[in-house]
1. In a GNM of the chain with a 10 Å cut-off on Cα contacts, which of Phe156, Phe182, Phe39 has the highest mean-square fluctuation?
2. If we sort 19-31, 46-58, 190-202 on the protection proxy, mean other Cβ atoms within 10 Å, highest first, what's the order?
3. Calculate how many DSSP beta bridges within the chain are antiparallel, expressed in % of all such bridges and rounded to the nearest 5.
4. Would you kindly calculate the mean projected area, averaged across all directions, of the convex hull enclosing the Cα atoms of the range 6-98, in square nanometres?
5. I want to verify a result. In a Gaussian network model of the chain, Cα cutoff 10 Å, which of these has the top mean-square fluctuation: Asn104, Asn66, Asn121?
6. At 7 Å along the Cα-to-beta-carbon direction for both Lys12 and Lys77, put a label point, then send me their distance in nm to one decimal.
7. How large are Rg and Dmax for the chain when only the alpha carbon atoms are used, in Å?
8. Pairs of lysine in the range 54-126 with Cα under 16 Å and at least 8 positions apart or on different chains: total?
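Every read-out reported here was derived from the displayed coordinates using simple, explicitly stated rules and does not represent laboratory data. Please read all numbers here as calculations on a predicted model, not as lab measurements. FYI the Cβ positions are ideal-geometry reconstructions off the backbone, even for glycines, and counts take in every protein chain you see.
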Amino acid sequence: MTKANMQKPIAKSYDKIAKEYTNQHGYGEQLSIPSLKTFLTFLPIQAKVLDIGCGGGQDSKFLTDNGCSVFGIDVSKKMISLAKKFAPKTNFKIANVMKLSATNKYDGIWCCRVFQHISINEQDKFLNKLSTLLKKDSILYITSVVSDKNEDYEAFDSGNDGLLKKRLTAKSFKNLLTQRNFKILKFSYWVGKKGMEIFAKKP
Ligand SMILES: C[S@@+](CC[C@H](N)C(=O)[O-])C[C@H]1O[C@@H](n2cnc3c(N)ncnc32)[C@H](O)[C@@H]1O
């Protein structure tokens with residue numbers, strides 16, 4: 001399957017569930033607030049932040065309200081339309097991160113609940129792309145779904161139009177970053193032990 005083929009269903013699926021998703025997880029849940037606060041402590045003042053797969057824009061809004069200059073991107077046009085309404089002061093665009101030019105570099109990347117949709121085959125390319133978008137000594141925040149087996153695997157959700165959900169072991173997730181010489185500043189499980197998050201510094 002080509003990259004273009006993979007991204008289309010993701011955009012379409014999230015277009016379909018944008019309202020439901022943002023009401024349930026975006027605007028309703030506030031799950032990311034403690035992590036967003038930690039993220040801010042690692043960033044310089046008025047940091048330039050890229051929010052990849054920003055969804056309805058709730059995290060972008062929090063970062064904008066706390067002094068960051070945020071660019072939120074998402075492949076789903078419905079998500080971006082909701083985000084623009086929710087956070088009118090933030091700059092949003094319908095875009096696939098893989099197509100983003102690396103001429104603009106960021107002090108921080110916020111990539112929350114997106115990496116699970118990137119297949120094991122594509123994840124190296126994805127992380128390399130993120131690396132090109134980051135300045136030296138900048139901060140990457142990234143989450144993953146935790147594998148319930150002793151290995152990494154991919155499955156398709158029964159709901160959400162069969163979206164791809166990749167599961168990683170904590171060891172693999174950490175390795176993906178340390179292999180690229182990122183320094184892990186903080187690792188935690190979240191959402192019980194279903195998810196995990198990493199704050200890492202780019203070399
Ligand atoms: C589970 S939602 C997470 C939304 C938000 N970050 C949050 O935590 O609530 C995943 C989002 O990532 C977007 N997405 C997936 N792959 C992407 C890509 N390659 N570039 C930009 N957005 C992407 C989807 O359209 C979707 O809105």
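1. Checking each option, the largest mean-square fluctuation is seen for Phe156.
2. Working: 19-31: 15.4, 46-58: 24.4, 190-202: 17.3.
Final packing ranking: 46-58, 190-202, 19-31.
3. Numbers: 18 of 37 bridges.
In the chain, approximately 50 percent of DSSP beta bridges are antiparallel ones.
4. Numbers: hull surface 22.8 nm².
The orientation-averaged projected area of the Cα hull of the range 6-98 comes to 5.7 nm².
5. Answer for the Gaussian network model of the chain: Asn121.
6. The two pseudo-label positions are separated by 1.4 nm.
7. My reading of the Cα-based Rg and Dmax gives 15.6, 44 Å.
8. 11
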